[in-house]
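Note sheet for the following structure.
Every read-out reported here was derived from the displayed coordinates using simple, explicitly stated rules and does not represent laboratory data. The model shown is predicted, which means the values in this text are computed figures rather than measured ones. Note that we place each Cβ from the backbone using ideal geometry, even for glycine, and neighbour counts take in every protein chain shown.
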Amino acid sequence: MSSRQLYDTIGAGYTATRRTEPRIAARIWDALGDARTVLNVGAGTGSYEPPGRDVTAAEPSEVMRAQRPAGAAPCVAAAADSLPFEDQSFDAAMAVSTTHHWPDPIAGLREMRRVARRVVVFTHDSTDAGWRHRFWLTRDYLPEVAGLTAGRPSLGEQARAIGARTEPVPIPWDCADGLFEAYWRRPEAYLDEDVRRGVSVWARVGPQVEQRAVRSLRDDLASGRWAERNRDLLTLDAAELGLRLLIA
Ligand SMILES: C[S@@+](CC[C@H](N)C(=O)[O-])C[C@H]1O[C@@H](n2cnc3c(N)ncnc32)[C@H](O)[C@@H]1O
């Protein structure tokens with residue numbers, strides 16, 4: 001299934017849990033600098049689109065486009081690797097939580113570079129040997145996520161393709177955007193079906209793995225094992241879980 005088809009299948013309830021997290025937005029908008037015209041690639045339902053700028057969105061999934069609120073920026077049906085815009089036609093191009101879905105992320109990033117003078121991408125570093133172990137959910141319950149990134153270009157390769165620098169983005173404990181790592185200090189949230197439906201990882205590992213992971217987490221929360229293993233997290237306000245900005 002292509003990533004567009006994936007979101008046409010799983011995207012219907014996206015806005016139940018996915019929305020702009022102001023502290024992450026502040027980092028993205030700051031990285032956009034003084035850009036007046038901004039292209040949002042893999043724009044989904046419009047989260048993180050900056051106010052006060054001239055925004056154009058590009059999004060391949062019809063189901064996602066249909067959930068854009070009234071008054072949101074105009075949105076074209078397009079995928080990252082073939083953006084229907086002239087060279088250097090935007091001051092900046094941004095992409096948030098989407099490059100891991102692109103069939104060819106390097107081609108997509110180069111397209112962003114072609115159409116815009118500045119590129120800002122919010123993504124995650126999945127190639128660090130410690131990545132799987134950085135987050136208790138993948139380490140203890142969902143080791144299968146490692147297989148989802150096999151053969152994908154590393155963060156370094158993506159950065160090099162567009163001459164970007166990388167900056168870490170810590171995830172606040174009360175992150176408003178229900179992305180995969182959002183509930184690192186609120187483990188019970190992962191028992192909620194709606195929370196899981198807002199994150200493609202769960203669909204991609206399949207129902208059997210999902211049910212096993214949820215059962216195991218539920219047992220560990222009930223027995224106190226989760227708290228015993230992760231007590232250090234309970235005093236943190238933000239966690240470094242490999243989320244990154246690429247800025248070129
Ligand atoms: C997790 S959502 C992120 C949406 C939005 N950027 C946000 O932050 O809420 C991933 C989005 O990437 C889109 N997508 C999938 N394949 C794509 C591609 N090849 N090019 C551009 N976007 C793609 C999906 O349709 C989906 O809307």
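3J(HN,Hα) couplings calculated from phi for the range 84-99 with the Karplus curve 6.51 cos²θ - 1.76 cosθ + 1.60 (θ = phi - 60°) are, in sequence order, x, 9, 5, 4, 6, 8, 10, 5, 8, 10, 10, 8, 10, 6, 9, 4 Hz; Gly and Pro show x.
In this simple spin-label approximation, Glu188 and Arg165 carry label points 7 Å from Cα along the Cα→Cβ vector, and these lie 4.3 nm apart. Across the range 190-203, rounded Karplus estimates of 3J(HN,Hα) from the backbone phi angles (6.51 cos²θ - 1.76 cosθ + 1.60, θ = phi - 60°) give 5, 7, 8, 4, 5, 4, 5, 5, x, 10, 5, 3, 5, 5 Hz, Gly and Pro being marked x.
Per-residue extension of 0.36 nm, minus the Cα-Cα distance of Asp54 and Asp87, leaves a gain of 10.1 nm for this segment. Under 5 Å between amide hydrogens, built in the peptide plane, is the criterion, and for Thr20 it picks out Tyr48 among residues at least 5 positions away or on other chains.
What's the center-to-center distance, using Cα atoms, between the range 1-46 and the range 187-235 in Å? The distance from the Cα centre of the range 1-46 to that of the range 187-235 comes to 24 Å. Look at Ser47, Ser82, Ser61 and count the other Cβ atoms within 10 Å of each Cβ; fewest to most, that gives Ser82, Ser47, Ser61. Summarising the label geometry, the points placed 7 Å from Cα in the beta-carbon direction at Glu240 and Arg110 lie 3.3 nm from one another. The modelled label-to-label distance between Arg117 and Ala227, using points 7 Å beyond Cα along the C-beta direction, is 5.5 nm.
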